[in-house]
Amino acid sequence: MILVTGGAGYIGSHYVLYEVDRGSEVVVLDNLSQGHREAVGGVQLVVGDIASPDTLDTVFQSFTIEAVVHFAALASVPESMAHPERYYRNNVVAVVELLEAMRRHGVKFLVFSSSCATYGDPVYVPMDERHPQLPVSPYGETKRVCEKMMEAYDRAHGIRFASLRYFNASGADPVGRLGESHDPETHLIPIILQAASGRRKDVTIYGRDYDTPDGTCIRDYIHVTDLAQAHALALDRLRSGAQSDCFNLGSETGHSVLEVVEMCRRVTGRPIPTVDGPRRPGDPPRLVASAKRAKSELSWSPRYADLETIVMTAWAWETNRRF
């Protein structure tokens, strides 16, 4: 059985759905601070905090856990700049407790939700796994610290891990069962689509003076279902006896904020008003992945890599959302 921490959240719930679709047994541990009970469907849900050793011991004693796939974390760069204490407590202390629980109960496989934020400002683009890791935000630093902890636990206790460094997770389940539902929303595509649907007045463009062709930030958007597939493949790789490793997950194509707004206008056929705002601390001008290692070593083949498909699935969810 697979323990999925944060499995009621956006990416975690899509991973749970992917594993259920391929016949896996899954149990979800989530405190529902950001996740949704409805997103779990009929999968066993334990409501609790992974920072609690008692909660973790209860879960590991109640279920025959073979592997852990860890999504439970705070994930906003601007929020981490304003409240670093929340990020170190939720993203680092909780992982110490999770690793200790895995050690106590003899669980040897961990797939970890990491981030391209561990790299900081790009030295070169596209960014591969050898790129220097110099985080510029507490969020990125917490993910980097967790990777170092996992390396130590591998050496000391034989807990093997796959750390998956996402670029920008986006989109929704292609058949409409799940989608992105944060309150408040912080991700660009759903914010734009909320403006298209009338749930938001406009979209703020944070900075138009970056060193990019149109002056706005460029990001690499990767479909959430393709992320889910990569987690399943990473776990299969660990089960097969492979050593711990880190993998970038991205589409290998960058799109500016203005390009994303324009694509959302095309897909929805709606006017989407924008207003200008200042740059946000911790926002690099350009983040684009090299995902060659994931494609070669995980046999990962993204199915929904183009921006139009990503926006179409997200728009279908926005117009027919269940929660």
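Looking only at residues in the stretch 259-282 that are in contact with a Pro (Cβ under 8 Å, 6 or more places away or on another chain) and part of a loop (DSSP other than H, G, I, E, B), which one is least open to solvent (accessible area, probe 1.4 Å)?
That would be Gly282.
Would the stretch 125-137 turn up any residue that is touching a helix residue (DSSP H, G or I) at 6+ places or on another chain (Cβ under 6 Å) and farther than 29 Å from Gly241 by Cβ?
Yes, some residue in the stretch 125-137 is touching a helix residue (DSSP H, G or I) at 6+ places or on another chain (Cβ under 6 Å) and farther than 29 Å from Gly241 by Cβ.
Please work out if Thr204 is of a type in the set (Ser, Thr, Tyr), under 18 Å from the mean Cα position of the chain (by Cα) and either open to solvent by 40 Å² or more (accessible area, probe 1.4 Å) or modelled with pLDDT of 95 or more (or both).
So Thr204 fails the test.
Residue by residue through the stretch 30-48, note down the ones that are farther than 17 Å from Arg104 by Cβ, in a loop (DSSP other than H, G, I, E, B) and not β-branched (Val, Ile, Thr). Outline the logic, then answer.
Narrowing the stretch 30-48 to residues farther than 17 Å from Arg104 by Cβ: 30-47.
Filter again for in a loop (DSSP other than H, G, I, E, B), leaving 31-36, 41-43.
If the condition is that a residue be farther than 17 Å from Arg104 by Cβ, in a loop (DSSP other than H, G, I, E, B) and not β-branched (Val, Ile, Thr), then Asn31, Leu32, Ser33, Gln34, Gly35, His36, Gly41, Gly42 are the ones that fit.
Could you list, in sequence order, the residues of the stretch 305-317 that are surrounded by fewer than 20 Cβ atoms within 10 Å (Cβ to Cβ) and either in contact (Cβ under 8 Å) with a residue 60 or more places away in the chain or farther than 17 Å from His187 by Cα (or both)?
Within the stretch 305-317, Ala305, Asp306, Thr309, Ala316 meet the criteria.
Name the residue that is nearest to Trp317 (Cα to Cα), counting only residues in the stretch 283-304 that are without any contact (Cβ under 8 Å) to a residue 60 or more places away in the chain and open to solvent by 60 Å² or more (accessible area, probe 1.4 Å).
For the stretch 283-304, the residue satisfying everything is Ser301.
In the stretch 7-23, is there at least one residue being aliphatic (A, V, I, L, M), buried (at least 17 other Cβ atoms within 10 Å of the Cβ) and over 16 Å from the mean Cα position of the chain (by Cα)?
Checked the stretch 7-23: no residue is aliphatic (A, V, I, L, M), buried (at least 17 other Cβ atoms within 10 Å of the Cβ) and over 16 Å from the mean Cα position of the chain (by Cα).
Which count do you get for residues in the stretch 218-248 that are in contact (Cβ under 8 Å) with a residue 60 or more places away in the chain, of a type outside the set (Lys, Arg) and open to solvent by 10 Å² or more (accessible area, probe 1.4 Å)?
Adding up the residues that qualify gives 10.
Looking at Val43, Val77, Val47, which is the one that is of a type outside the set (Gly, Ala, Ser), modelled with pLDDT of 95 or more and in contact with a helix residue (DSSP H, G or I) (Cβ under 7 Å, 6 or more places away or on another chain)?
Checking each option against the conditions leaves just Val43.
Between residues in the stretch 84-112 that are without any contact (Cβ under 8 Å) to a residue 40 or more places away in the chain and residues that are open to solvent by less than 40 Å² (accessible area, probe 1.4 Å) and assigned to a helix (DSSP H, G or I), which pairs lie under 8 Å by C-beta distance while being six or more apart or on different chains?
Taking only residues 6 or more apart or on different chains, the pairs are Arg86/Ser80.
Just one of the numbered conditions (1) under 17 Å from Leu235 (Cβ atoms); (2) open to solvent by less than 20 Å² (accessible area, probe 1.4 Å); (3) among the aliphatic types (A, V, I, L, M) is not true of Ala39; which one?
In the conditions (1) under 17 Å from Leu235 (Cβ atoms); (2) open to solvent by less than 20 Å² (accessible area, probe 1.4 Å); (3) among the aliphatic types (A, V, I, L, M), Ala39 misses (1) alone.
Please list, ordered by first then second residue, the pairs with beta carbon atoms under 6 Å, 6 or more apart or interchain, first in the stretch 134-146 and under 15 Å from His83 (Cβ atoms), second among the aliphatic types (A, V, I, L, M) and surrounded by fewer than 21 Cβ atoms within 10 Å (Cβ to Cβ).
Ser137/Met81; Thr142/Val92
Scan (1) over 17 Å from Tyr10 (Cα atoms); (2) loosely packed, with under 14 Cβ neighbours inside 10 Å; (3) polar (S, T, N, Q) for the single condition Thr55 breaks and write down its number.
(2)
Considering only the stretch 79-173, give the helices (runs of 4 or more DSSP H) lying wholly within it that have at least 3 residues that are charged (D, E, K, R) and surrounded by fewer than 24 Cβ atoms within 10 Å (Cβ to Cβ).
Here the list reads 94-105, 138-157.
The values are calculated or read from the model by the stated rules, or taken from the named source; none is laboratory data. Fair warning: this is a prediction, and the values are worked out from it, not measured in the lab. A quick note on method: Cβ atoms are made from the backbone with ideal geometry, for glycine too, and the neighbour counts reach across all protein chains shown. With ligands, DNA and RNA removed, areas are computed over all heavy atoms of the protein, side chains included. Shrake-Rupley method; radii C 1.70, N 1.55, O 1.52, S 1.80 Å.
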